[in-house]
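None of the figures in this text is laboratory data; all of them are computed from the coordinates on show. As the structure is a computational prediction, the values presented were derived from the model and not from experiment. Because the Cβ atoms are built from the backbone with ideal geometry, glycine has one as well, and the counts that use them run over all protein chains shown.
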Amino acid sequence: MKLAEVMLVARKELRETLRDRRTLAIMILFPLVVYPVVSLATAQVMATRVNRSDTEVARVATTGPAALADGVRARLERRHEALGDIAVSPSPATADDVMAGHLDVLVEVVPPAGAATVPTARVLFDETRERSRAGRERVADVLAGSKEPACAPAYTVSAQGIAPRKAVGGYVLSKIMPLVIVVMVMLGAFHPAIDITAGERERGTLETTLSAPIARSALMAGKVLAVATLAAISGMLNLVSMSLTVLGGARLALDAPPLSLPWLNVAAALAVVPPAAFLFASVMVAIGALARSFKEAQTLLTPVYFLCMAPSLLAALGDFDLSGGAAFIPGVGVTLLARDLIVGHASLLGTLAVLVSTTIYGTAALVMAARLYDSERLLGSDDAGVPLRAWLRHLVFGSRGDRAGVAAAPAAAVPIAGTTTPTAGHALLLYAIAWLMLFAFAPLQAWRLGPGIAAFQWVGLLGLTAIYARGSGRPLREVLRLRRPSLASLAGAILFGLSAWLVVGLLAEWLMPAPKQVIESLRHVVSPSESGRGFVLTLLLVAVSPAVCEEALFRGPILRGLLSRFSPLGAAVLTGILFGLFHGDIWRFVPSALLGVGLSAIALASDSIVPAMVAHFINNACLLILVHRGLDASDGGTRTKVMLLALGVVGLAGAAVLLVRARQTRRVSGP
Amino acid sequence: MSASAVSVESLVKSFGATAAVAGLSFTVAPGEIYGLLGPNGAGKTTTLRILAGILVPTTGSVRVAGIDVAQDPLSVRRRLGFLTNTTGLYPRLSGRELLGYFARLHGMSRDATAARIDALVAALALAPFFDRRCESLSTGERQRTSIARAVLHDPEVLILDEPTAGLDVLASRFLRDFVRAERDRGKAVLFSTHYLAEAELLCDRIGLLHRGRLLAEGTPAALRAAAGDAPSLEEAFLRLVAGEAADA
């Protein structure tokens, strides 16, 4: 074996592999973006959960001989005065109050018997409620300690769960099963979805199928139904198998009392399987149809699988309530509903909201899959595969999009000799590097917040954009589209900046309200008084810097790069999503992404980055003023909110009119 | 209502900046075998896929049994049998299961299906392998099963895309005999191949396709005469291509 031959083969294989842009994109994006984003979100959800259980006050009552019970009560009240995390009820109570949820913990004091010298404090709690579990730990901590240092404890503390065995079984199951059901349904859909799409292409039977006298929608519905059936069977088998495993595991565990399961509730949880199977089957079939081969379908679907799993994972870890917007988030709703059904807390309205919304999302994915399957490009480009742009265009516009694509093809931008215009690949690479910058500057921000933010923005983001411009051989001005905007677009941007924060903020509050401590930590960053910075310095840091540096990167090469591959609408939406994810906070994703879409639309409509910068600055400045004046903490009630929302919507509509006018004027007069 | 079973007028099909078919017109009458001939990349498969309603024409009109393919592709698919250039059989189904599936898709009754399948099994000698999975069949067996699938619903028009590719001499002969028999039953057969000798043996009329356009059209004898009494169809084709290059 000659080394030269080995190297020759390796070079050829590397060249071939690296020319496959999809493999490259997944190779870069997956480790750099998907994993950090998912793990960051998971960590945040976990932290929020811990914070929540820490801040919830434990409601406690005592019972037993009056003198002894008073002693316990006195101890608990001292803790209440010191930390405020225990509230002692003065009225008599029983274990039923704990089970009914009126109380979290009941302390039953028993006089010393036999050789014992101290009384026993039996801490009764409901082990199926998080709040009751947290309360038990707090109460046990207080009572297990001694009155004075170096003295013996005043009580023998024993904790005793009082929930019925079935409820405990349901609780244990609800912690693991919802995620497992959803994940296994997805896994059940994974290979069949590839087999009926890319597999069909690979086997050469696609043409036979397409020449059959059957409508594409019926054909695709049949295929999705087959995949969904397999996925549902997989989910149901897992449900049964896991229930039996939990039972068996509990029997094997030493000292554990026999566990029983609420079989009726477990059976009810099966209700989430069909809609979840339908949703994931439709999504995976739609994506699978994009691939040229089985291998490529696996490559494409793996990140999709992780992204589909992320909401379920967060829902399972986060201990959220199935209320408000949560029921309507794909993946989250079914996971939370499965949990609530198992523990027997599901409401009819919540159940309906999840089942109906998931079915609607599944139908939408099915329609997309059918449109895609209708595409002649599946056969028209056997050798080159389906171009992503064509795929998305077809997805959005159907066959009209294909015809438009044919007409639009020759109108591609003519590159200037020796220079490169941003491409979608550049955009994604820049985005991945920006994430690296975020991680690289994180220690500096942790050490000194202000200088850290400034360095990240001006050196990390703007510096990256400047280096990119230099590398592509074009002036930064041109890469950014730094040009004088029209009066109409500037006015539109100002109006957008004044209204967007209001609409976006209220929408996010309704869709996905952030926990109190997240808002508090954000306030700490932006509030001049709390951070010890002056107003002007804070304005420079949280309004001017992002307006210049984030806009330069996102509405500069990233937006322009994506525009080379996608329609303006597609590029704006994708840039918005990337912008939302970049804020590295699941609670800020929705508002940041919405804002990002709006800012991208402004940059495209005005063909200048200046209005987007102005709008971003005004948006952030408004929020800063709000915090500065302490207005953000005041809850004006539903009526005020609706009025503010209406005002914001009117403002946004005005901004849209001005921006559309600016775009039309620009078209008539030329760039 | 056109008397032609197939009518193609000024057909253009572009993929991006590339025109696969560039202004093609021809007709096929019932009881006629029309050969669409040309080298690889001439636009044969694209044309046949448009006829089968799988691809949408960029411009031009295509009618099968008087029905516009762009307007009503489902009705067209019910009236034609399409044999792809790969056999296109579902590997994990047996021939019997495959035909049963397509019979249901064509809306055939249970009795009609059983009678038709019996007839095809006899005509195409499918019995020895009819209940085996398609993935285990030889190339010739697959092609015969595939023909049975294409003619199952007794279509008015039969479109065969390079049906003899990869077949041995015996299987090719069998296929040609079958196509002639279908023609004699009044079916219109549109046949694409790049084996010119085969087309000469089989086709009533031939359209020579080059770079998406019809170079010449007529009976094999007429084409040879048009190319200056060429000794074979292959020679005629080469002369016509050379003539076009000189004109350009």
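Listing for the model above:
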| item | result |
| --- | --- |
| 10 Å Cβ neighbours from other chains, averaged over peptide A:208-220 | 6 |
| Amide H contacts under 5 Å for B:Val21, placed H, 5+ residues apart | B:Lys13 |
| D_trans [Stokes-Einstein, Kirkwood Rh over alpha-carbon pairs] for the range B:88-148, 37 °C, 0.692 mPa s, µm² s⁻¹ | 287 |
| All lysines inside 26 Å of A:Lys175 as judged from Cα atoms, apart from same-chain residues fewer than 8 positions distant | A:Lys166, A:Lys516 |
| Sorted peptide list for A:639-651, A:274-286, criterion being average Cβ within 10 angstrom, highest first | A:274-286, A:639-651 |
| The range A:154-200: chymotrypsin sites (Phe, Trp or Tyr not before Pro) in DSSP coil with no more than 10 other Cβ atoms inside 10 Å | none |
| Those aspartates and glutamates that a straight Cα-Cα span of less than 14 Å connects to A:Lys223, excepting residues fewer than 8 apart in one chain | A:Asp195, A:Glu200, A:Asp374 |
| Packing-based ranking, highest mean first, of A:195-203, B:107-115 given that Cβ atoms within 10 Å are counted | A:195-203, B:107-115 |
| From the C-alpha gyration tensor of the range A:573-638, square roots of 5λ in Å | 24, 16, 10 |
| Residue-averaged [θ]222 nm for the protein assembly as shown, counting only DSSP H segments that reach four residues, each worth -39500 (n - 2.57) | -19500 deg cm²/dmol |
| Taking A:Met177, A:Met236 and counting other C-beta atoms within 10 Å, the order from fewest to most | A:Met236, A:Met177 |
| Residue order, fewest to most surrounding Cβ atoms within 10 angstrom, among A:Thr205, A:Thr359, A:Thr117 | A:Thr117, A:Thr359, A:Thr205 |
| Rh by Kirkwood over Cα pairs, then Stokes-Einstein D for the range B:137-248 at 1.567 mPa s and 4 °C, µm²/s | 85 |
| Difference of contour (0.36 nm per residue) and Cα-Cα distance, A:Val650 to A:Leu225 | 148.6 nm |
| q = 0.13, 0.14, 0.20 Å⁻¹: log10 I(q)/I(0) that the Debye formula gives for the range A:98-249, counting C-alpha atoms only | -0.78, -0.84, -1.14 |
| Value in Å of the Kirkwood radius, where the range B:120-189 supplies the Cα pairs that are averaged | 12.6 |
| Inverse of mean 1/r across different Cα pairs in the protein assembly as shown, Kirkwood, Å | 33.1 |
| Cross-link reach list, lysines versus A:Lys2, counting only Cα pairs under 19 Å and skipping chain neighbours closer than eight places | A:Lys12 |
| Cα gyration tensor of chain B - equivalent ellipsoid semi-axes, whole Å, descending | 31, 21, 16 |
| Sorted peptide list for B:11-19, A:180-188, criterion being average Cβ within 10 angstrom, highest first | A:180-188, B:11-19 |
| Distance (nanometres) between label positions extended 7 Å along Cα→Cβ at A:Leu349 and A:Thr363 | 2.3 |
| For the range A:568-590 versus the range B:133-179, the gap between their alpha-carbon centres in whole angstrom | 54 |
| In order through the range B:85-94: 3J(HN,Hα) via Karplus (6.51 cos²θ - 1.76 cosθ + 1.60), integer Hz, x for Gly, Pro | 6, 9, 5, x, 8, 6, x, 8, 10, 7 |
| Formal net charge of residues neighbouring B:Asp229 (Cβ-Cβ distance under 13 Å; K, R +1; D, E -1) | +1 |
| Long-range HN-HN contacts of B:Leu158 with modeled amide H, under 5 Å | B:Gly81, B:Ala188, B:Val189, B:Leu190 |
